[in-house]
Amino acid sequence: MAGRLRIDRRELIAGATALTAVAAAGAGKAQEKPVQDKPVIDERAVLIVVDVQNDFCPGGSLAVARGDEVVPVINAIAKRFANVVLTQDWHTRGHASFASSHPGRKPFETIAMSYGPQVLWPEHCVQGTKGAEFHSGLDLPHAQTIIRKGYRRHIDSYSGFVEADRQTPTGLTGYLRERGILRAIVVGLATDFCVNWTAQDAAKAGFETLVVEDACRAIDLNGSLAKAWADMAELDIQRINASDLLG
Ligand code: VGL
Ligand code: ZN
C-alpha cells in the first residue's frame, strides 16, 4: 500500500510539472494546442473495447461503414495493455431500441422514451445470435471481462458504465475502481454512440479518459459525430491516434 501511495505521489508530481509546462508554453498564445506527453500505459490503465460485434461490421444489420477496419488496429494496441475489457451490446428480442418494436416507426427516427430521446435502430445484437458475437478477427485472449449492456428490454445502453436511464449502473465503474484503474483508453464502435457515451461516463466517473480515433468508426447521424467530439472535448477526453500508443 505504501508503495502504491508513493507511485500516486510521483504521478501527481509529474502531472503538475506537465501542467506548469503547458501553462508556460501557452502564455500569450492561447490558440495553440499544448504538446501532450505520450499516454502512460501501465498497470493502472485499461483498454475498453466497445461493441466490436458482427452486426456493427459490414454485412451486419447495423453496419458501421468500414467498422471491421478497427480490428487489426485494436489487436495491435491491445498488446500494450495488461488490462483489457470488452463491452458487448446484448439486446433482448423486441428490444425498445428497435424500430420494429414501435409500429409505424422506421430505423434512424428518434422517439421520446421515458428516459429521454431514443434513436430507433434496425434489430441488432440480439442475445445469442451470430450478429451479437464479437468479430472473429478480434485477437484479445488476455481480455479479462466482458460487460454486456442493453439487456433490459425497456432501457437501451450505449454506455458501458450507465444505462440510458442515466441511473442504472452496469458495474464497470466499481470493477475498474476496485482494481485500481486510473486511466481508460476507449476504442471500437461506434465513435459517436457507444464509444462516445462510454468515454463520457468514464470521464465522469473520474478516470483519465482517451479515445483512439483511428481505432473507432462512426455512424454519423445528423451531425452526431461532430457533436460527440465536442462533448468529449468538454470533458477533457483526449483524442489520440493509434500511433500515439504504438510509436
Ligand atoms: C450502438 C447503436 C445502437 C453502438 C449500439 O455500439 O454504437 N449504436 N446500439
Ligand atoms: Zn444497441
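Residues that are touching a residue at least 40 places away in the same chain (Cβ under 8 Å), touching a Pro at 6+ places or on another chain (Cβ under 9 Å) and within 16 Å of ligand 2 (Cβ to nearest atom) within the stretch 158-211 comprise just one, Phe161. When Ala205, Ala215 are checked against the criterion of being farther than 21 Å from Pro107 by Cβ and in contact with a Phe, Trp or Tyr (Cβ under 8 Å, 6 or more places away or on another chain), Ala205 stands alone in meeting it. When Asn75 is tested against (1) more than 15 Å from ligand 2 (Cβ to nearest atom); (2) touching a Gly at 6+ places or on another chain (Cβ under 8 Å); (3) closer than 22 Å to Asp220 by Cα, just one condition goes unmet, and that condition is (3). Among the residues of the stretch 85-92, is there at least one that is out of contact with any Cys (no Cβ under 8 Å at 6 or more places or on another chain) and open to solvent by 60 Å² or more (accessible area, probe 1.4 Å)? Checking the stretch 85-92: not a single residue is out of contact with any Cys (no Cβ under 8 Å at 6 or more places or on another chain) and open to solvent by 60 Å² or more (accessible area, probe 1.4 Å). Here Asp139 passes the criteria (1) within 16 Å of ligand 2 (Cβ to nearest atom); (2) in contact (Cβ under 8 Å) with a residue 40 or more places away in the chain except the one numbered (1). For the stretch 148-166, the criterion of being of a type in the set (Val, Ile, Thr), surrounded by fewer than 20 Cβ atoms within 10 Å (Cβ to Cβ) and assigned by TED's automatic domain parsing to the domain that holds Ala226 is met by none of the residues. Listed by first and then second residue, the pairs with beta-carbon distance under 7 Å, at least 6 apart or on different chains, first residue in the stretch 89-105 and charged (D, E, K, R), second part of a strand (DSSP E or B), are Asp89/Gln53; Asp89/Lys149; Arg93/Val126; Arg105/Ile111. Among the residues in the stretch 206-218, are any assigned by TED's automatic domain parsing to the domain that holds Asp68, within 30 Å of His102 (Cα to Cα) and not in a strand (DSSP E or B)? Yes: the stretch 206-218 contains one or more residues that are assigned by TED's automatic domain parsing to the domain that holds Asp68, within 30 Å of His102 (Cα to Cα) and not in a strand (DSSP E or B). Kindly indicate whether any position in the stretch 98-118 is open to solvent by 20 Å² or more (accessible area, probe 1.4 Å) and within 17 Å of the chain's Cα centre (by Cα). Looking for residues that are open to solvent by 20 Å² or more (accessible area, probe 1.4 Å) and within 17 Å of the chain's Cα centre (by Cα), one finds none in the stretch 98-118, hence no.
Which one of Asp231, Asp201 is open to solvent by 30 Å² or more (accessible area, probe 1.4 Å) and part of a helix (DSSP H, G or I)?
Asp231
Within the set Val73, Val64, the sole residue that is at pLDDT 95 or above and outside any helix (DSSP H, G or I) turns out to be Val64. Quick check on the stretch 89-97. Is at least one of its residues charged (D, E, K, R), in contact with a strand residue (DSSP E or B) (Cβ under 7 Å, 6 or more places away or on another chain) and in a strand (DSSP E or B)? Yes, that holds for at least one residue.
The values are calculated or read from the model by the stated rules, or taken from the named source; none is laboratory data. These numbers were taken from a predicted model, which means no experiment stands behind them. Here the Cβ is made from the backbone with ideal geometry for all residues, glycine too, and neighbour counts use every protein chain on show. Note: areas computed on protein heavy atoms with side chains; ligands, DNA, RNA excluded. Shrake-Rupley method; radii C 1.70, N 1.55, O 1.52, S 1.80 Å.
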